[in-house]
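Enquirer: Questions regarding the structure given below will be posed in turn.
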Amino acid sequence: MTQPSVILATASYDHTIRFWEAKSGRCYRTIQYPDSHVNRLEITPDKRYLAAAGNPHIRLFDVNSSSPQPVMSYDSHTNNVMAVGFQCDGNWMYSGSEDGTVKIWDLRAPGCQREYESRAAVNTVVLHPNQTELISGDQNGNIRVWDLTANSCSCELVPEVDTAVRSLTVMWDGSLVVAANNHGTCYVWRLLRGTQTMTNFEPLHKLQAHKGYILKCLLSPEFCEPQSAFSRYLATASSDHTVRIWNVDGFTLEKTLTGHQRWVWDCVFSVDGAYLITASSDTTARLWSMSTGEDIRVYQGHHKATVCCALHDGAEPSPS
């Protein structure tokens, strides 16, 4: 199987994972996933594997195989795995679960290498671009920074008491972090580094982005065209059926992406920030042009809510 240059995958409550040709909209591979719902998908930096976070396991599938079987299963969580991601070299994976833990897995060895206790169901985990801190958000409204060097929690924030933090995103240069919650609010902080390695949060902005839940927030990637108006922006996907695009300079509303008929659960940018893929309860995923705000492709094939999507259209990291 020759590897496509663009890998686009979606997962649905219909217990399947689908791979799509991004341009044509054709589904070219379907993996049956009978054991549980898939909550989150992530592609390894080298484009070789797709991680599917389920309940309570994480399964790794070979992107370039037609085999329906996973190549590896990671099994020590005890509840829904809500977050999964990879370190930039692809050497280790991190995860967060409703069992209240954040875990680190060495992909070259079996089992879980580290575990951090959040004491509440973890909804979201992101890796700081410095690759040495994980930031988690939980159902009780806590945001915690886990210092992987010191192997401890270095910072704790509660932007809104008892309001679940649904999604976290960090700017590619480490300058901003955004947390989105169940009240449709985004909290934005500047990330400051003191003489210590520990990250400090300086409140920058509170954005009432939607009336409904925000299910995903995402800052644009590094390679955005600097001359475009969309060089630094924030996407918020909501239960109100829309995705809103905010200019990070001032947090003004740039565009509202309308077309989905139900909740929008997930979104992911193309590597150049020119396109956005979204996944919705209306069973579809969509490809949007950031310059026009129009949907230019609809991916149809799932029979139930499409709840997560993953895209890797960048170059693989060169071997170091």
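The values are calculated or read from the model by the stated rules, or taken from the named source; none is laboratory data. Keep in mind that this is a model prediction, so the values were computed, not measured. Cβ coordinates were reconstructed from backbone atoms using ideal geometry, including for glycine residues, and neighbour counts include every protein chain displayed. Remember, those area values only see protein heavy atoms, side chains included, never the ligands or the DNA or RNA. Shrake-Rupley method; radii C 1.70, N 1.55, O 1.52, S 1.80 Å.
Enquirer: Condition first: modelled with pLDDT of 95 or more, closer than 25 Å to Ile31 by Cα and among the small types (Gly, Ala, Ser). Now tell me which residues in the stretch 74-125 satisfy that.
Expert: Passing the criteria: Ala83, Gly85, Ser95, Gly96, Ser97.
Enquirer: Something else about it: Sort out which residues of the stretch 129-146 are open to solvent by less than 20 Å² (accessible area, probe 1.4 Å) and either part of a strand (DSSP E or B) or at pLDDT below 95 (or both), and write them in order of number.
Expert: Residues satisfying the conditions are Glu133, Leu134, Ile135, Ser136, Gly137, Asp138, Ile143, Arg144, Val145, Trp146.
Enquirer: I'd like the full set of residues that are out of contact with any Ser or Thr (no Cβ under 9 Å at 6 or more places or on another chain) and either in a loop (DSSP other than H, G, I, E, B) or more than 16 Å from Trp265 (Cβ to Cβ) (or both), limited to the stretch 1-21.
Expert: Across the stretch 1-21, the qualifying residues are Thr2, Gln3, Pro4, Ser5, Ile7, Glu21.
Enquirer: Here is a follow-up. Counting only residues that are assigned to a loop (DSSP other than H, G, I, E, B) and either surrounded by fewer than 16 Cβ atoms within 10 Å (Cβ to Cβ) or basic (Lys, Arg) (or both), how many does the stretch 105-125 have?
Expert: 5
Enquirer: Evaluate the stretch 81-95: report whether one residue or more is in a loop (DSSP other than H, G, I, E, B), under 18 Å from Thr169 (Cα atoms) and in contact (Cβ under 8 Å) with a residue 40 or more places away in the chain.
Expert: yes
Enquirer: Here is a follow-up. Between a residue in the stretch 56-78 that is in contact (Cβ under 8 Å) with a residue 60 or more places away in the chain and open to solvent by less than 50 Å² (accessible area, probe 1.4 Å) and any residue that is of a type in the set (A, V, I, L, M, F, W, C) and not in a loop (DSSP other than H, G, I, E, B), which pairs come within a Cβ distance under 8 Å, given they are 6 or more apart or on different chains?
Expert: Between residues of the stretch 56-78 that are in contact (Cβ under 8 Å) with a residue 60 or more places away in the chain and open to solvent by less than 50 Å² (accessible area, probe 1.4 Å) and residues that are of a type in the set (A, V, I, L, M, F, W, C) and not in a loop (DSSP other than H, G, I, E, B), the close pairs are Val63/Ile7; Val63/Phe19; Val63/Ile43; Val63/Leu50.
For (1) in contact (Cβ under 8 Å) with a residue 60 or more places away in the chain; (2) surrounded by fewer than 17 Cβ atoms within 10 Å (Cβ to Cβ); (3) acidic (Asp, Glu), each residue gets a yes or a no:
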position	(1), (2), (3)
Pro4	no, no, no
Leu8	yes, no, no
Arg26	no, yes, no
Val38	yes, no, no
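Enquirer: Sticking with this structure for a sec: Go through the residues of the stretch 81-95 one by one and say whether even a single one is open to solvent by 10 Å² or more (accessible area, probe 1.4 Å), within 21 Å of Arg48 (Cβ to Cβ), in contact with a strand residue (DSSP E or B) (Cβ under 6 Å, 6 or more places away or on another chain) and among the hydroxyl-bearing types (Ser, Thr, Tyr).
Expert: Yes.
Enquirer: Further question: Looking at the stretch 309-320, can you tell me whether even one residue there is on the phi > 0 side of the Ramachandran plot and small (Gly, Ala, Ser)?
Expert: No, the stretch 309-320 contains no residue that is on the phi > 0 side of the Ramachandran plot and small (Gly, Ala, Ser).
Enquirer: Which members of the stretch 247-286 meet the condition of being in contact (Cβ under 8 Å) with a residue 40 or more places away in the chain, open to solvent by less than 10 Å² (accessible area, probe 1.4 Å) and outside any loop (DSSP other than H, G, I, E, B)?
Expert: Val264, Asp266, Cys267, Leu276, Ile277, Thr278, Ala279, Ala285
Enquirer: Next question, about the same structure. In the stretch 154-212, which residues are among the hydroxyl-bearing types (Ser, Thr, Tyr) and surrounded by fewer than 20 Cβ atoms within 10 Å (Cβ to Cβ)?
Expert: Listed by number, the residues that qualify are Ser154, Thr163, Ser175, Thr185, Thr195, Thr197.
Enquirer: Taking the stated definitions as given, is Val102 among the β-branched types (Val, Ile, Thr), open to solvent by less than 10 Å² (accessible area, probe 1.4 Å), in contact with a strand residue (DSSP E or B) (Cβ under 9 Å, 6 or more places away or on another chain) and within 28 Å of Pro34 (Cβ to Cβ)?
Expert: yes
Enquirer: Against the conditions (1) touching a residue at least 40 places away in the same chain (Cβ under 8 Å); (2) farther than 16 Å from Ile7 by Cβ; (3) open to solvent by 10 Å² or more (accessible area, probe 1.4 Å), where does Ala53 fall short? Just the number, please.
Expert: Going through (1) touching a residue at least 40 places away in the same chain (Cβ under 8 Å); (2) farther than 16 Å from Ile7 by Cβ; (3) open to solvent by 10 Å² or more (accessible area, probe 1.4 Å) one by one, Ala53 breaks only (3).
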